[in-house]
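In what follows, a single structure is set out as structure tokens and then discussed.
The values are calculated or read from the model by the stated rules, or taken from the named source; none is laboratory data. Values in this document were obtained by computation on a predicted structure and should not be read as measured data. Every residue, glycine among them, receives a Cβ derived from its backbone with ideal geometry; neighbour counts consider all protein chains shown.
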Amino acid sequence: MIVDLGFQAAALSPRPIVEGIRESSKAHADGRETFPLREEFCIADLAAGPVSNGFPCKLPALATTEDFAYSGLAKPADPSRVSTGGVGTLAFVKEWPALNTQGLSLLRLDINPGGIISPHTHNLATEILYVLEGEMYTGFVTNNFGNDPTISNKLYAKVVKKGEAFIFPRGLLHFQLNKGKVLASSLNVLNSQNPGIQLMPSALFGSGIDREMLEKSFFMNATQVAALKNFFEE
């Protein structure tokens, strides 16, 4: 929830503002995204900077039709510009300010044959992938449920083709691989305006974690770890 102190602020008593801030804090703490106090929409004022779980609203009277339209996902990106052969084009709140407080965002994946989207998580969102073109091997791995081998670290994965969809539960590690012979593209919907992204390779080898920790965790020698750290820390 965004407490808009810039819209009709003079008409508000202190109590609704305080209660709104309390509700916003509660929603942020348990990961929920709620709607603004009085408006059906809240176009983000990105220049004002983030507040709690979103951005302040610009004045509703200043909204235009173009605020609610977005063309940034219309064309495929070029996966050949990255070493993994797969790229994601984001439509989160910073790219599309009209998403502010709506609890939704989009992204587009474009993956060359043999390319991947590295294992990653969105800690604030559930995600649905819908294949636009081609096919992808995709799936997720469950958490460790009290060391229960029947459901701990269990893989759910398959090849999904054009017109098919796959869901990734909130916060779980998931991935994509193009096993086909043509470009694979998908449109993905997430139930957060800012779902967060943590790519495992760069998080582990590009964040400055001590070399010895990585060697012992992944049963790698110093040369192997150094090569990966040099690649991801550049």
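A few comments on the model shown:
- Search result, residues across the range 135-180 that are more than 15 Å from residue 115 (Cα to Cα) and among the hydroxyl-bearing types (Ser, Thr, Tyr): 142, 150, 152, 156
- From the list 119, 56, the one residue that fits, being touching a residue at least 24 places away in the same chain (Cβ under 8 Å), touching a helix residue (DSSP H, G or I) at 6+ places or on another chain (Cβ under 8 Å) and farther than 22 Å from residue 167 by Cα, is 56.
- Residue match in the range 128-142 (condition: of a type in the set (Ser, Thr, Tyr), touching a residue at least 40 places away in the same chain (Cβ under 8 Å) and surrounded by fewer than 20 Cβ atoms within 10 Å (Cβ to Cβ)): yes
- Checking 219, 168 one by one, the residue that is surrounded by 17 or more Cβ atoms within 10 Å (Cβ to Cβ) and aromatic (Phe, Trp, Tyr) is 168 and no other.
So that you can scan it fast, the table gives a plain yes or no per residue for (1) at pLDDT below 90; (2) exposed (fewer than 15 other Cβ atoms within 10 Å of the Cβ); (3) outside the structural domain of residue 133 (by TED's automatic domain parsing); (4) in a helix (DSSP H, G or I):
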residue	(1), (2), (3), (4)
28	yes, no, yes, yes
36	yes, no, yes, no
42	no, no, yes, no
71	no, yes, yes, no
88	no, no, no, no
93	no, no, no, no
101	no, no, no, no
108	no, no, no, no
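- When 78, 110, 67 are checked against the criterion of being charged (D, E, K, R) and in contact with a Leu (Cβ under 7 Å, 6 or more places away or on another chain), 110 stands alone in meeting it.
- Within the range 183-218, the set of residues being of a type in the set (Val, Ile, Thr), within 20 Å of residue 139 (Cα to Cα) and modelled with pLDDT of 95 or more comprises just one member, 189.
- Subset of the range 177-216 [acidic (Asp, Glu) and exposed (fewer than 13 other Cβ atoms within 10 Å of the Cβ)]: 210, 212
Every residue, every condition in (1) more than 23 Å from residue 108 (Cα to Cα); (2) in contact with a Cys (Cβ under 8 Å, 6 or more places away or on another chain); (3) of a type in the set (Asp, Glu); (4) not assigned by TED's automatic domain parsing to the domain that holds residue 103, yes or no:
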site	(1), (2), (3), (4)
136	no, no, no, no
153	yes, no, no, no
168	no, no, no, no
183	no, no, no, no
187	no, no, no, no
216	yes, no, no, yes
231	yes, no, no, yes
